[in-house]
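*Asks:* My questions all concern the structure below.
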Amino acid sequence: MLSDAQRAALKSVLGKSIEFDVPLAPKTSMKVGGPAAAYAEIGGVVNLTAALSQCEQLSVPWSIIGFGSNLLVPDEGYPGLVVRLVGDFTKVTIKGTKVRAGAATPIVSLCREAALAGLAGAEGLVGIPGTIGGAVRMNAGTDVEIGDVIKRVEVLVAGEPLQTFTTPEFSYRRSSLDRRAVVTAAELELTPGDPATVQAELRKRIAKRNATQPLELPNSGSIFRNPPGDHAARLIDAAGCKGWHWGGAEVSDKHANFIVNRGGATCADVLALADRVRAAVKEKFGVELELEVHVLA
Ligand SMILES: Cc1cc2nc3c(=O)[nH]c(=O)nc-3n(C[C@H](O)[C@H](O)[C@H](O)COP(=O)(O)OP(=O)(O)OC[C@H]3O[C@@H](n4cnc5c(N)ncnc54)[C@H](O)[C@@H]3O)c2cc1C
């Protein structure tokens, strides 16, 4: 883990905003996993730049998390600094059809603000329980992906002194962002729409999610990516895996591509169950499912 010298050097940069040996499970939607050796909530670009530079100089691993809604934390925890963006990174500004959202903005807030301003195009993102930064990294979406409406992204690359603009390439649940790039804000281009119509669409989509997803138990959304031309949920259901469990982890009866934490699950439980499901689908259909959820590393 971190040496005393590394702790002191990080503290000299981050002051009171750094804590050590912080449990990460409560900061994720699946609620599994161990502690971060160091954890900081950072509210501005100056401190973020300093923290990442310090990590690079000290060879301390670092990682960025949003709302942890697509993230599994290993049971042994994370050996370096975990950063969550707050403060300045939650601001949304709208000018005409352009929306600039800080990376820590909840996706739902962006959707609501756009609707109130009479802007359409982001409705497909509503109900995705993450931040804009996490959504850009994952190219989160449904029938509409965030990459479809992104104009450009502001990033800070660890070890570099200034933020830059980039327009990543997006593909299904992936972006071409460099691993060392932290999204600090995103600019979206939306289209004029009727506020009442857009709001009605948001309500309809949220109701559909409530009816089809096991939101009453901790989960990470879809565990597997959909294979080309098919749906992971259909394959898992047809392979008879619904209701399978391993330790505290269970394949949801409501949505087969969700693994839920029934209480006391570990990260190892979730991954072992995912392995069993993957093997069953491979055996029955010859299709190799790929994890959608990220494992913090
Ligand atoms: C109930 C439920 C429903 C879901 N439905 C959907 C859905 O319909 N569609 C969909 O696509 N996803 C869905 N998800 C998954 C998840 O909400 C999205 O992937 C979301 O975009 C993740 O955002 P986050 O802020 O929680 O990121 P995290 O889970 O915290 O992180 C995910 C990845 O993004 C990286 N990251 C986070 N912030 C930044 C940043 N600022 N800069 C660079 N990298 C960053 C992390 O390092 C990590 O690799 C669902 C999840 C749940 C729990």
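*Asks:* Restricting attention to region 188-215, which residues are of a type in the set (Gly, Ala, Ser), farther than 30 Å from residue 88 by Cβ and open to solvent by less than 50 Å² (accessible area, probe 1.4 Å)?
*Replies:* 200, the sole residue that qualifies.
*Asks:* Let me ask something else about it. For region 106-123, indicate whether the set of residues that are under 22 Å from residue 35 (Cβ atoms) and near the ligand (Cβ under 10 Å from one of its atoms) is non-empty. Spell out the reasoning first.
*Replies:* Restricting attention to region 106-123, the residues satisfying the condition of being under 22 Å from residue 35 (Cβ atoms) are none.
No - not one qualifying residue is present in region 106-123.
*Asks:* Every residue in region 203-231 that is assigned to a loop (DSSP other than H, G, I, E, B) and either at pLDDT below 95 or within 12 Å of the ligand (Cβ to nearest atom) (or both), please.
*Replies:* 213, 214, 215, 216, 217, 218, 223, 225, 226
*Asks:* Another question about this same structure. Could you count how many residues in region 42-90 are away from the ligand (no atom under 13 Å from the Cβ), in contact with a strand residue (DSSP E or B) (Cβ under 6 Å, 6 or more places away or on another chain) and open to solvent by 40 Å² or more (accessible area, probe 1.4 Å)?
*Replies:* 1
*Asks:* Something else about it: In the list 93, 167, which residue meets the criterion of being under 17 Å from residue 45 (Cβ atoms) and either open to solvent by 60 Å² or more (accessible area, probe 1.4 Å) or more than 12 Å from the ligand (Cβ to nearest atom) (or both)?
*Replies:* 93
*Asks:* Hey, another quick one. What are the residues in region 118-144 that are out of contact with any strand residue (DSSP E or B) (no Cβ under 9 Å at 6 or more places or on another chain), among the charged types (D, E, K, R) and in contact (Cβ under 8 Å) with a residue 24 or more places away in the chain, if any?
*Replies:* Passing the criteria: only 123.
*Asks:* Related question: With respect to residue 185, determine if the residue is open to solvent by less than 60 Å² (accessible area, probe 1.4 Å), out of contact with any Phe, Trp or Tyr (no Cβ under 9 Å at 6 or more places or on another chain), under 21 Å from residue 91 (Cβ atoms) and within 13 Å of the ligand (Cβ to nearest atom). Please lay out each step first, then the result.
*Replies:* Details: open to solvent by less than 60 Å² (accessible area, probe 1.4 Å): yes; out of contact with any Phe, Trp or Tyr (no Cβ under 9 Å at 6 or more places or on another chain): no; under 21 Å from residue 91 (Cβ atoms): yes; within 13 Å of the ligand (Cβ to nearest atom): yes.
Against the criterion (open to solvent by less than 60 Å² (accessible area, probe 1.4 Å), out of contact with any Phe, Trp or Tyr (no Cβ under 9 Å at 6 or more places or on another chain), under 21 Å from residue 91 (Cβ atoms) and within 13 Å of the ligand (Cβ to nearest atom)), residue 185 does not qualify.
The values are calculated or read from the model by the stated rules, or taken from the named source; none is laboratory data. Please read these numbers as outputs of a predicted model, since none were measured by experiment. So basically every Cβ, Gly included, is an ideal-geometry build from the backbone, and we count neighbours across all protein chains shown. Calculation scope for accessible area: heavy atoms of the full protein, side chains included, ligands and nucleic acids excluded. Shrake-Rupley method; radii C 1.70, N 1.55, O 1.52, S 1.80 Å.
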